[in-house]
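The block underneath contains the structure these notes are about, expressed in C-alpha cells.
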Amino acid sequence: MAKVPMKSILFVCLGNICRSPIAEGIARDLIEQSGHTISVDSAGTGSSHIGEPPCKHSVTVARNHNIDISQFRARQVKKSDFKAFDLIVALDQNNYCDLKALGCQNLVKLGDYGYNGVDVPDPYFFDGFEGFEHVYTMIESCVKELLKR
C-alpha cells in the first residue's frame, strides 16, 4: 500500500501562545525551504488565550532564528480540526490525552520524533528566556524529523 502524502498538520499545546506557535513557525519555514505544499496551523486545548498573539519570549526566540510568528493568534482546537487536518501533533502527554478524549484519531506526540517520547515542556516552568531557547531547540529537532518521515 502506497503512503498517502500529508497535506496538513495541526500543532497543539495548552494555550497556543508559546510551544505550538513556535512549532507552526518552524514547520512553515522548513516546508517553504523544501518546496513542499503542506498546510500548517496551531491551536490550544484551552480557551484562556483565544485571539492573543504568541507570548513575547516565543516571538523573540523565533525571531532569533529568522522566523516571524508575531502575526499568529491563539485559537482553541475544534473537533472539526480532526477531519480538516491529516495529522494532529500534541506537544505533551496532557494535551495528547485531552485530544484523545475529544475523539482525535490522527494524533501523535511531537517528542516521539527525536526525543524518545519526551514531552516538549512548557517554557513557563523554566526561569527566564533560557527555557524558551531550550524548547525551541527541541521543537526544531522534532519537527525536522516529523517532516522527514
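Residues that are within 19 Å of E140 (Cα to Cα), of a type in the set (D, E, K, R) and surrounded by fewer than 24 Cβ atoms within 10 Å (Cβ to Cβ): does region 5-24 have at least one? Within region 5-24, none of the residues are within 19 Å of E140 (Cα to Cα), of a type in the set (D, E, K, R) and surrounded by fewer than 24 Cβ atoms within 10 Å (Cβ to Cβ).
Total residues in region 97-119 satisfying the condition of being touching a strand residue (DSSP E or B) at 6+ places or on another chain (Cβ under 8 Å), touching a residue at least 12 places away in the same chain (Cβ under 8 Å), of a type outside the set (K, R) and not in a helix (DSSP H, G or I): the figure is 5. Would you be able to say whether some residue in region 80-91 is surrounded by fewer than 15 Cβ atoms within 10 Å (Cβ to Cβ), at negative phi, of a type in the set (G, A, S) and modelled with pLDDT of 95 or more? Yes. If the condition is being under 13 Å from the mean Cα position of the chain (by Cα) and either of a type in the set (S, T, N, Q) or surrounded by fewer than 16 Cβ atoms within 10 Å (Cβ to Cβ) (or both), then region 40-75 contributes S42, T45, S58.
Considering the conditions (1) in contact with an Asp or Glu (Cβ under 6 Å, 6 or more places away or on another chain); (2) more than 15 Å from I26 (Cβ to Cβ); (3) modelled with pLDDT under 95, T37 is excluded by exactly one of them, (1).
Of all the residues in region 1-30, those that are at pLDDT below 95 and either touching a Gly at 6+ places or on another chain (Cβ under 9 Å) or among the aliphatic types (A, V, I, L, M) (or both) number 4. All conditions but one from (1) surrounded by 17 or more Cβ atoms within 10 Å (Cβ to Cβ); (2) more than 15 Å from C18 (Cα to Cα) apply to Y136; the one that does not is (2). Note on region 120-149: residues that are touching a residue at least 40 places away in the same chain (Cβ under 8 Å) and hydroxyl-bearing (S, T, Y) total 2.
The residue that is surrounded by the fewest Cβ atoms within 10 Å (Cβ to Cβ), counting only those in region 92-124 that are modelled with pLDDT of 95 or more and among the aliphatic types (A, V, I, L, M), is A101.
Scanning region 126-136 for residues that are part of a helix (DSSP H, G or I) and in contact with a helix residue (DSSP H, G or I) (Cβ under 7 Å, 6 or more places away or on another chain) yields G131, F132, E133, V135, Y136.
Within region 67-89, the set of residues being touching a helix residue (DSSP H, G or I) at 6+ places or on another chain (Cβ under 9 Å), in contact (Cβ under 8 Å) with a residue 40 or more places away in the chain and within 12 Å of Q105 (Cα to Cα) comprises L87, I88, V89.
The values are calculated or read from the model by the stated rules, or taken from the named source; none is laboratory data. Note that the coordinates shown come from a computational prediction; the quantities given were computed from them, not determined experimentally. Counting neighbours? That spans all protein chains shown, and the Cβs are built from the backbone with ideal geometry, glycine included.
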